[in-house]
Each structure stands twice: as structure tokens, then as C-alpha cells.
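Colleague: This is the structure, below, for whatever I ask next.
Nothing in this text is a laboratory measurement; each read-out follows from the coordinates by a stated rule. Note that this is a predicted model, so its numbers are computed, not measured. Quick reminder, even Gly has a Cβ in these numbers, built from the backbone with ideal geometry, and neighbours come from all protein chains shown.
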There are 2 protein chains.
Amino acid sequence: MNIPELVQHMAREAKGAARHLGTLSREVKDRIILRVAELIKERQAQIQAANRLDVEAAQAQGHAAAFIDRLTLSDKVCDSMIKGLKEVAVLPDPVGTVTGMWVRPNGLKVGKQRIPLGVIGFIYESRPNVTVDAAALCLKSGNTVILKGGKEALNSNLALAQVMRDALAEAGVPQAAVQVIPSVAREATLELLKQDDLVDLIIPRGGEGLIRFVAEHSRIPVLKHYKGVCHIFVDEAADLDMAEEVCFNAKVQRPGVCNAMETMLVHEAAAPDFLPRMIARYQKAQVELRGCPRTREIDPLVRPAQEEDWGAEFLDLILAVKVVPDLNAALEHIARYSSNHTEAIITRDYARAQRFLQEVDSSVVLVNASTRFNDGGELGLGAEIGINTSKLHAFGPMGLEELTTTKFIVYGNGQIRT
Amino acid sequence: MNIPELVQHMAREAKGAARHLGTLSREVKDRIILRVAELIKERQAQIQAANRLDVEAAQAQGHAAAFIDRLTLSDKVCDSMIKGLKEVAVLPDPVGTVTGMWVRPNGLKVGKQRIPLGVIGFIYESRPNVTVDAAALCLKSGNTVILKGGKEALNSNLALAQVMRDALAEAGVPQAAVQVIPSVAREATLELLKQDDLVDLIIPRGGEGLIRFVAEHSRIPVLKHYKGVCHIFVDEAADLDMAEEVCFNAKVQRPGVCNAMETMLVHEAAAPDFLPRMIARYQKAQVELRGCPRTREIDPLVRPAQEEDWGAEFLDLILAVKVVPDLNAALEHIARYSSNHTEAIITRDYARAQRFLQEVDSSVVLVNASTRFNDGGELGLGAEIGINTSKLHAFGPMGLEELTTTKFIVYGNGQIRT
């Protein structure tokens, strides 16, 4: 079998298994997930040996330390995979839930019931722990999954796939429920993206380049976000102590992630009091500030912002700062530069808080809290398979429920249309 | 401006207006919709004069009677457009509804609020009444819409677009909320399908050819169904009187629509009693039957079914009939040949009714009722903009609520992540 034939075969197998997966009880799914956790513990040495082949090859190719770090299945990463599996096992199973039922004038009882999406293609970079996380979420939500990881992680992924296959077989569940594409060729990804008759959804996870590649070539719906350009607006009526803590947290606590703040907007009436103390706090944490002219009037040592700094995703200890005349100007700036990911306002003013919540067109909009809360776990969805900044299906973080859809179920007693 | 520039300009205008549309109150939206109804009545002669140009050109080109019928804005069709607008005005406005809110351990209050999708591209055939229906549903759900109708209906669509522009202007709402592409070129459709930075969703409505063309060329998510191959399974435990009425209704009441039955599956234990009476009933209504060998054992005059009859969408008084040994065989047949649109079982057996509801992977699954009920109005969604047989976003009929998505709104009091 050549690569396209192999991928087509895997997609057909996944589709065939999907019917079975959709009818599995929660008990069986949880048993498999917990068995995977056990098997990872039992076979940790083997898995790490396979991973070592990948790590050594990546080192020989001169990959950066951060890349090697993400590729390595250390004891700590293995423990966290096991912990993650146990967490997924205790989450409620969304499949079968009836989200509403009503009676029509003719007596038909009409309900909407959660069902799995079917077959999910998951495309990601060289982070083998993601293989297990994603597989567990797909399985728990009754979906079959075809995983295509980064080429540098193939040995690791195949070792983990074997663990999952064994756990599925022990439970008598088709092994096609979780499949890892055993090829590093880009051709395999391209072929997967063509299987629109067999695969229901593609989720890419990784850098903007990977996601754009997938979105451009896919004939299957893709849930994705390109980047997170998150804003906080510090209003005239902000509690400045709160604003300082929230803005510090949003930029500094973990600057390399998509829900970190990238631009801080400050109401001109708050700026003279707020900016000097905030700038001092950032400087202690070595945050590089890039300010508008009015920011630089308050602190001439701040480096001037260029046009490209507005809307930039720095993913680093860098922050663009702009003084704005009012809420309208803040909303205009956000409408123009935001990535529809996460924005927050800090204010004590009731009407402005409400207006910000209503008018900002982002997947998560917060009042008086850090942008860092845009996360499935933090918002109470349980685990998270990704964040979607396109509006279709599930805008924002996606947990188990967002990996399902609903069908209509109708109980009649002989109704016909007239 | 050439055609691509024109379409790009319209998409930018639509995106600009979308922010405004999302904040309109229900009262303003309903006022516009009712004003469109008034203006259609007032200007009916003008609209029909424009329509006459289209109809005469289509007749000169030798289009079939059914085509001309769909193109014609008769008095009756104008009345039904007006009635449809009034019905949309009384439907509840989904925008702003908070579908759930919960409190996190750290005190964050997290809710999900319905918001418009943004900009919708609606692509359809030469049925000018659809222009008004679709525009009203998009406006009521807070979306802006770009309409691209069939080339034979351009004069009619432009006359209706002028009515809508006037109603928008009277209410002080941007006219870009509803735009009709003033071109018949396929290039215009292709350019619209490329505007993935500006347009959030494409809904095609029409024959399979149109829909496949749109799906193949779109870089924007498409909600669509290609065809409806609906099955009814008459179980061993069916009430045969009920089965006869439901199967007659599902095939004969309106055979040319997507929720009409195309294949009838009959349990072998029911077949000897049921088939002779059902066949007699169908013959009186001039339904052509195409049967499996076992059907033809019961009635040798039934024409033999060919392989291509299973899974065919006849859209006519033609029905494929198959005798199956049990529910499993019926489920297998449906899994293989159904289009995931609508399937029904007729049975008095509790366990088989439940199993059918659970295992059939279609957007609407019914017990003891006609497949003809897969319709937004009939299921209680109010109006319907289309039926989606892909699983993303909204599986099945789509009403106003399905033209929205949700964002997370978060009320905090200074929470930060640690």
C-alpha cells in the first residue's frame, strides 16, 4: 500500500469503527482510558526508549532546546499523561444526554440528543504527550480519531499507539478507534485532509504555519485558532490595585501562551495614576514595553510602538501599551486588531462592564479577571482539546461536549403531514 | 470596479455592518422585517414587472415549466413572502440569550451567551422568494447577509433588494446588512467563496450540483446537505394500519422534497401481511415500486430493484422496497445507504424503538411518524434556513438559533491565574 492508499484505508476503518464507538457505555470507555494509564506506567521504560530514538535524532538535527523539551517524554511528562487520563475518566460522558425535549401541537415529542461527531483527524506537532491527551478526549466523547503527529515524534507516537491498541483490544473495542498514521510524509497529511466522505472534523494544534497549512488544504471542516492577540482595557473607573494585579498576571505568568495579554489599553483619565506604577512593576519583571505617544509622554523611556505592534502576538515578555480617550476608542481598537480570542475590561462601572461584554466579539470576554482564564479547565469544561476562534460549532475552548453534536429524536404515535 | 473587487468590497461592507447588527434590539429588527412586508405589498406591481423580465427571458431560453414556476413572483407567492416575513417577526430573538451560567471555585461566574455568527453568504437558485426569506432570517438573528441568487432571477432579486435597502435606511441601520450581488457571473460566486477573512458561513440552497460546486470551491465553512435518502423500517411489531398511513404519507404527500421516503424496509415477519395491502395502496397512487427478490416473491409484478436503486434519491413517485430478516439488517442497510438525513421505524416494540433511535446516525430519527417531519417549522424551530447533514455546528434543520453561536462571558472580581 502506498501512502494515500494507507490513509484512505485508515479513514475507512475509522468510519467503520465510529458506529460501534457511538454506542459504547461510559463504563467501557472509562475502563479503556484507565487501562491506558496503567499500561503507560507498566511500559514506561519501553516508551521512553522509543522516545529516546526521537530525541537523539532531533538533537543530531540541531533542534532548539525548547523543541527537544516538548519532544521528551520525561518521567514527569509520563506522570502528567497518566494524571490527565485519570482526569478524563472522571469527567461526565456527554453522549446520550438529551439537551431538551418539547411537544408539538400534533403530539410529536421532539428532543435533541448528544451524539459523537464521528471521525476526527487530529494534526499536531512533535509533542507525543498530546497523542494520549487527544486520544482520550476523542474516545470519551465516542469519536474515533486518526492522529498525525510531528515527524520528529514518530517512534514515540507509535509506542503510545501500541499501548492504546492493546487497551482497546482487551476491552473488545475495534482498534481502529485510535489510529496513529505510521508515516512522516506530508503526503499523508494531505491525503487525510481529502477524506471528506469519511472524516467529520479536523483539529490542528500547533503554530500558525501548521494551522494555515491545514486550513488551506482541507476539504473537511477545521476548528482552529491562528493566534491569540488578547487585550485588557483599564477603564477610568478601574480599581487600580486590581488592574495592576490582573495586567501583571495576564502578561507575565506565562507569556508564551495564546491567552496571555499582548496589548494593554488604558483610559486617559486612569493613565497618569496607573501607568507609572504598572510600568515600574513590568520593568522589575523585565517586560519590554512598546508604547503609543501618550504612553511615552508619561514615561519617555518606553520604546515607541510601531504600527505592527498593534495586533502582534509576541508570545514573549513584550507588551504594546496604548492610552485611549474612552471606551468607544478601546472597542474600536479591539474590533480592528483583536484575533477574537480573549479580551477583558477592568472597571467598577456597571454600564461600561455590560457594554464591553456585549460588544466585544471574542470567544471569551471577561470583566475584572485575567485573560489567562480562557482555558477549558479554568472555565469549567473539564479538559480541553483546543480553542476555536472561528464561530462555527463551538466558539472558544472545546471540551468533551464540544466534541459532540446533537441529532433530533422524535417519539410519535402515527403522525403524518397533511 | 471589476467583479472580484466588487465582491471584496461588499464583503468588507458586510463585515463592517456586522458589529452594528449584533447590537440591534429585537424591536428594531422586527420593525424592519415588518416594513419589508409592507413595502412588498406597496410595490408589488413594480416587483412583478421586474420579475416579468426574468420570466420572459427564461421562457425565451426554453426553461422547463417547473423552473418558470419557481422563478415567478405570482400574487400568491408575494402573499406568501409577506406571510413569511410576519412569521419571522413574531419568532423569539435568540441573540443575547444566556444558555447557562455557573460559578467556578475561585468565584468566577462563567456563562455562555448567544451571539450572531457575523456575515453569512447565501447562494441559491432562481427562486426570488428565497431572497426575502433568507434575508429576514439572517437579519432577525443579527447577521449580515450577502445573497447570490440564480442568474435568471437577477432583476427580481435586485427589485427585492431595493425594498430591503429602503426598509433598513428608514430604521437607520446600515444598508450593508442585506446585499444582493448585482452580477450573474460565476466569478462572483467564486470570489465570495474566497472571503474567509470576512465571511463566517456559507449556506448553499439548491440542487446537488450547486451544493457540490460551492463545497468544492469554498474556503469558508459550508453548511449543506447533498440529498435526502430517507428510509422507513416497518418492524415485525408494527401496527400495520399505522405503518400503511405513515409509509403512504412519507412517499406520496410531496415526493419531490428531501424528506420524502426513498426506500422502505420491511421485516420479513410483517411482509406477507403488510406488503400486499401497501403495494395496492401505492399502485392506486401510481407509485412505481422497485423491489428486492423477496418483495417480488410476494408480488411478482413489482419491478426488480437494481443495485443503484438502494441509496437513490428519486424525488418522484418511485420507491425501493426491501424485505429484511430483522432490525440488525435494517440498521446495516441504513448505515450503508442513508444520507444521514431522516429515518423512521414503525413498531410497537419498546426495545427496538429505543435501539433504532440510538443507533441510527441521521439528523432526525423518528419512531412511528413520517419522515416528512424533518422540517424546522414542523419540529418547532420556527422558520428554517436549510438542513445540514454535516455534523458540525447544527446537525439537521437550522432555524434562527442555529444562525447564532455562543461566546463565553465571565464576571470576575480580580481573579488571576496562579
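Colleague: May I ask for the net charge around A:R70, where only other residues with Cβ less than 9 Å from the Cβ of A:R70 are counted and Lys, Arg are +1 while Asp, Glu are -1?
Modeller: Numbers: positive: A:R127; negative: A:D69, A:E125.
The answer is -1.
Colleague: Here is a further query. In square nanometres, what is the average projected area of the Cα convex hull of region A:75-128?
Modeller: Values: hull surface 23.9 nm².
About 6.0 nm², averaged over all directions.
Colleague: Between A and B, which A residue has the Cβ nearest their rotation axis, distance in Å?
Modeller: Here the value is A:H393, 2.
Colleague: Taking every DSSP beta bridge with both residues inside the protein assembly as shown, roughly what % is antiparallel (nearest 5)?
Modeller: Values: 32 of 118 bridges.
If I count the DSSP bridges inside the protein assembly as shown, around 25 percent turn out antiparallel.
Colleague: Under 19 Å between C-alpha atoms is the cut-off here; go through region B:142-293 and count lysine pairs that meet it, provided they're at least eight residues apart or on different chains. Walk me through the numbers before you get to the answer.
Modeller: Details: B:K148/B:K194; B:K148/B:K224; B:K194/B:K224; B:K227/B:K251; B:K251/B:K284.
Counting lysine pairs in region B:142-293 gives 5.
Colleague: Any idea what the dipole of region A:3-224 comes to, in debye rounded to 20, about its Cα centre with Lys/Arg Cβ at +1 and Asp/Glu Cβ at -1?
Modeller: Details: 29 positive and 25 negative charges, 163 e Å.
Dipole magnitude for region A:3-224 comes out near 780 debye.
Colleague: Right, something else. Quickly estimate the mean residue ellipticity at 222 nm for chain A, helices only: each DSSP H run with n ≥ 4 gives -39500 (n - 2.57), and the total goes over all residues, rounded to 500.
Modeller: Numbers: 15 runs with 181 residues, N = 418.
After summing the helix terms and dividing by residue count, I get -13500 deg cm²/dmol.
Colleague: Now, a different point. If one computes the Cα centroid of region B:50-110 and of region B:124-147, what distance in Å separates the two points?
Modeller: Answer, in whole Å: 5.
Colleague: I've got another one for you. Mind checking which of A:A238, A:Q358, A:F395 is farthest towards the positive end of chain A's charge dipole, using Cβ charges of +1 (Lys, Arg) and -1 (Asp, Glu) about the Cα centre?
Modeller: Of A:A238, A:Q358, A:F395, it is A:F395.
Colleague: Could I ask something else about it? If you place +1 on the Cβ of every Lys and Arg and -1 on the Cβ of every Asp and Glu, how big does the dipole about the Cα centre of the protein assembly as shown come out, in debye to the nearest 20? Before the final figure, lay out each step's value.
Modeller: Numbers: 96 positive and 106 negative charges, 83 e Å.
It works out to roughly 400 debye.
Colleague: With loop defined by DSSP as not H, G, I, E or B, and exposure as at most 15 other Cβ atoms within 10 Å, which is the longest segment of chain A clear of exposed trypsin sites (Lys or Arg not before Pro)? Please list the in-between numbers first.
Modeller: Numbers: sites that count: A:R219, A:R348.
That would be A:1-218.
Colleague: Per 10 Å bin, what percent of the C-alpha pairs of chain A does each bin hold, from zero upward?
Modeller: 5, 20, 26, 22, 17, 9, 2, 0
Colleague: Over the alpha-carbon set of region A:278-394, divide Rg by the Kirkwood Rh and report the Rg/Rh ratio to two decimals. Kindly include the intermediate steps, with their values, before the conclusion.
Modeller: Numbers: Rg = 15.7 Å, Rh = 16.0 Å.
Ratio value, two decimals: 0.98.
Colleague: Once you sort the root eigenvalues of the Cα gyration tensor of region B:219-314 as a ≥ b ≥ c, which label holds: rounded (a/c under 1.5), prolate (a/b larger than b/c) or oblate (the other case)? Don't skip to the answer; put the middle values down first.
Modeller: Working: a/c = 1.98, a/b = 1.72, b/c = 1.15.
Prolate.
Colleague: Could you tell me whether region A:1-85 comes out rounded, prolate or oblate from its Cα gyration tensor? Rule is a ≥ b ≥ c as square roots of the eigenvalues, rounded for a/c under 1.5, then prolate if a/b exceeds b/c, otherwise oblate.
Modeller: oblate
Colleague: If you find the alpha carbon centre of region A:150-202 and of region A:357-374, how far apart are they in angstrom?
Modeller: Centre-to-centre distance over Cα atoms comes out at 36 Å.
Colleague: Only counting other Cβ atoms within 10 Å, I'd like A:L319, B:L379, B:L34 sorted with the fewest neighbours first. The partial results should precede the final answer.
Modeller: On the way: A:L319 27, B:L379 21, B:L34 17.
Going from sparsest to densest Cβ surroundings: B:L34, B:L379, A:L319.
Colleague: Beyond 19 Å, what share of the Cα-Cα pairs of region B:41-120 is found? Please give it as a whole percent.
Modeller: On the way: 2012 of 3160 pairs.
Counting pairs separated by more than 19 Å, the tail of P(r) holds 64 percent.
Colleague: Can you give the log10 of the normalised intensity I(q)/I(0) at q = 0.09 Å⁻¹, computed with Debye over equal Cα scatterers of region A:3-224?
Modeller: Debye output, listed in q order: -0.37.
Colleague: Something else now. Using alpha-carbon positions, what is the distance between the centroids of region B:291-333 and region B:384-418, in Å?
Modeller: 40 Å
Colleague: Suppose you put the label 7 Å out from Cα in the Cβ direction; list, shortest first and in nm with one decimal, how far A:A280 is from each other copy's label.
Modeller: So the label point of A:A280 gives 9.8 nm to the other copies.
Colleague: Amide H neighbours of A:V178 under 5 Å, counting only residues 5+ apart in sequence or on other chains, H built in-plane at 1.01 Å?
Modeller: Sorted by chain and number, the residues that satisfy this are A:V145.
Colleague: Please list, ordered by chain and number, the residues whose modelled amide H lies under 5 Å from the amide H of A:H341; skip anything fewer than 5 residues away on the same chain.
Modeller: A:V229, A:S363
Colleague: Evaluate the Debye formula for region A:274-331 with equal point scatterers sitting on the alpha carbons, no solvent, and hand back log10 of I(q)/I(0) at q = 0.12, 0.24, 0.26, 0.27 Å⁻¹, in q order, two decimals.
Modeller: Log-scaled intensity ratios, in q order: -0.27, -1.06, -1.18, -1.23.
Colleague: Sticking with this structure for a sec: Pick out, from B:L190, A:P4, B:V252, the residue whose Cα sits farthest towards the positive end of the charge dipole of the protein assembly as shown, with +1 on the Cβ of Lys and Arg and -1 on the Cβ of Asp and Glu.
Modeller: Highest projection toward the positive end goes to B:V252.
Colleague: Next question, about the same structure. When each copy gets a label point 7 Å from Cα toward the beta-carbon at A:D299, what are the spacings between them in nm, shortest first?
Modeller: Nearest first, the other copies' label points are 8.6 nm away.
Colleague: Also, quick follow-up: Among A:Q179, A:H217, A:V103, whose Cα lies farthest out toward the positive end of the dipole of region A:98-234, if unit charges sit on the beta carbon of Lys, Arg (+1) and Asp, Glu (-1)?
Modeller: Comparing the listed Cα positions along the dipole, A:V103 ranks first.
Colleague: Which value in Å is the Kirkwood Rh of the protein assembly as shown over different Cα pairs? Spell out each step's value before the answer.
Modeller: Details: mean 1/r = 0.0346 Å⁻¹.
About 28.9 Å for the protein assembly as shown.
Colleague: Excluding B:L400 itself, what net charge comes from residues whose Cβ is under 12 Å from its Cβ, given Lys and Arg +1 and Asp and Glu -1?
Modeller: Numbers: positive: B:R26, B:K29, B:R114, B:K140; negative: B:E87, B:D93, B:E384, B:E401, B:E402.
Around B:L400, the surrounding residues sum to -1.
Colleague: Starting from the Kirkwood Rh over alpha-carbon pairs, what translational D in µm² s⁻¹ does region A:84-168 have by Stokes-Einstein at 25 °C and 0.890 mPa s? Present the calculation step by step, with values, prior to reporting the outcome.
Modeller: Values: Rh = 15.0 Å.
In µm²/s, the coefficient rounds to 164.
Colleague: Please tell me the relative contact order of chain A in percent, rounded to the nearest whole number, where contacts are Cα pairs under 8 Å and at least six residues apart. Working shown, then result.
Modeller: Details: 822 pairs, mean separation 73.6, N = 418.
Relative CO of chain A lands at 18 percent.
Colleague: Further, regarding this structure: Treat every Asp and Glu Cβ in region B:230-373 as -1 and every Lys and Arg Cβ as +1, leave all other atoms uncharged, and give the resulting dipole magnitude about the Cα centre to the nearest 20 debye. Don't jump to the answer; show the numbers that get you there.
Modeller: Working: 15 positive and 23 negative charges, 66 e Å.
Value, rounded to 20: 320 debye.
Colleague: On to the next question. Where the label is 7 Å out from Cα toward Cβ, how close does B:E208 come to the same position in every other copy, in nm, shortest first?
Modeller: Taking the point 7 Å beyond Cα along Cα→Cβ, the inter-copy spacings are 4.2 nm.
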